[in-house]
Amino acid sequence: MTPSPSAALKEPETDTRAPRRVRHEPRRRELKVKQVEKISAHMVRVALGGDLEGFTSLGFDDHIKLFFPDGPPAADGSPQVASRDYTPRRYDPAANTIEIEFVLHDAGPATRWAEQVQPGQPLQIGGPRGSFIIPLNFDWHLFIGDDTALPAIARRLAELPAGTKAVVLAEVDGPGDQVPFESAADVAVTWAYRNGADAGTTTVLADALKTMRLPAGDYYAWVACESLTAKALRAQLIANHAANPKWMRAAGYWRRGAVAVHDTHND
């Protein structure tokens, strides 16, 4: 059957709730530490300034590469470095600064650097290569994560407008690791504690999610934590909380027993 002219000319409907990707031209930048602030028992905020002209970060869970000194110089005298992914927590073009928050949770190069960092020290960054932009036109938003996800969650909450509803489920070791969230949105926060257990070894997020009464309506779910935990939480949300897989982003910000891992779990 030949379609009618009106059918042939009809524009395809656009999914206004579909996230979109924006690519950026990444480059390395030489920065210097401007300020260091301990904001919880195991988290340090570092403000960096310097070569930030043209820096662009449009997504709250963007990642930039940070390059840390790692080991003695190579045979040719050049420094050895290790790169790790971090969320740009806040970028202030007027002050020409970017803030990064470090979880002090292991003995790797990032933690070693953050434990001793002082104003004036140099640090190279690269990226972000792109941004994943999630629309706001949902009835509410769900954020689930462990310590490593707190900077991204805090950034998103700070960006949400008044009249938006958000629910946060966050895992930390104990009350001393809670961080304040500033937001114009209506935000409900539940903290789940490991109480001394190693990160990535407990089911405290899954257990807390089972008991939560979530709002009605369509929602976007964002999950970031240890990789296997994130994968299990994604399945739990779909099976038990009517989550739409198309309206969800589940990421493994790290993987227990591995180094420098970033996984994305989807269909």
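The values are calculated or read from the model by the stated rules, or taken from the named source; none is laboratory data. If you're wondering where the values come from, they're calculated on a predicted model, not measured in any experiment. Cβ coordinates were reconstructed from backbone atoms using ideal geometry, including for glycine residues, and neighbour counts include every protein chain displayed. Accessible surface is based on the protein model in full, side chains and every heavy atom, while ligands, DNA and RNA are left aside. Shrake-Rupley method; radii C 1.70, N 1.55, O 1.52, S 1.80 Å.
Run down ALA166, ALA158, ALA152 and say which single residue is open to solvent by less than 10 Å² (accessible area, probe 1.4 Å) and part of a helix (DSSP H, G or I). Before you say what the answer is, go through the steps one by one.
Details: ALA166 fails: part of a helix (DSSP H, G or I); ALA158 fails: open to solvent by less than 10 Å² (accessible area, probe 1.4 Å).
Result of the check over ALA166, ALA158, ALA152: ALA152.
Look through segment 178-205, keep the residues that are touching a residue at least 60 places away in the same chain (Cβ under 8 Å) and more than 23 Å from GLU159 (Cβ to Cβ), and return whichever of them is most open to solvent (accessible area, probe 1.4 Å).
Restricting attention to segment 178-205, the residues satisfying the condition of being touching a residue at least 60 places away in the same chain (Cβ under 8 Å) are 178-179, 199, 205.
Retained after the next criterion (residues that are more than 23 Å from GLU159 (Cβ to Cβ)): 199, 205.
Details: ALA199: 32, LEU205: 2 Å².
Looking at residues that are touching a residue at least 60 places away in the same chain (Cβ under 8 Å) and more than 23 Å from GLU159 (Cβ to Cβ), I get ALA199.
Pairing each residue of segment 228-248 that is among the hydroxyl-bearing types (Ser, Thr, Tyr) with any residue that is part of a helix (DSSP H, G or I), provided the two are 6+ apart or on different chains, yields C-beta distances under 8 Å for THR229/LEU205; THR229/ALA206.
Of all residues in segment 16-44, exactly one satisfies the criterion of being without any contact (Cβ under 8 Å) to a residue 60 or more places away in the chain and either under 22 Å from SER131 (Cα atoms) or in contact with a Cys (Cβ under 8 Å, 6 or more places away or on another chain) (or both), namely GLU25. Within segment 135-161, residues that are under 15 Å from ALA188 (Cβ atoms) and free of Cβ contacts under 8 Å to residues at least 12 places away in the same chain reach no partner that is among the β-branched types (Val, Ile, Thr) and assigned to a loop (DSSP other than H, G, I, E, B) with beta carbons closer than 6 Å at six or more positions or on different chains. Of all the residues in segment 53-78, those that are closer than 17 Å to ALA251 by Cβ and open to solvent by less than 30 Å² (accessible area, probe 1.4 Å) number 6.
Within segment 210-247, the residues that satisfy the criterion of being surrounded by 21 or more Cβ atoms within 10 Å (Cβ to Cβ) and not small (Gly, Ala, Ser) are TYR219, TYR220, TRP222, VAL223, CYS225, GLU226, THR229, LEU233, ARG234, LEU237.
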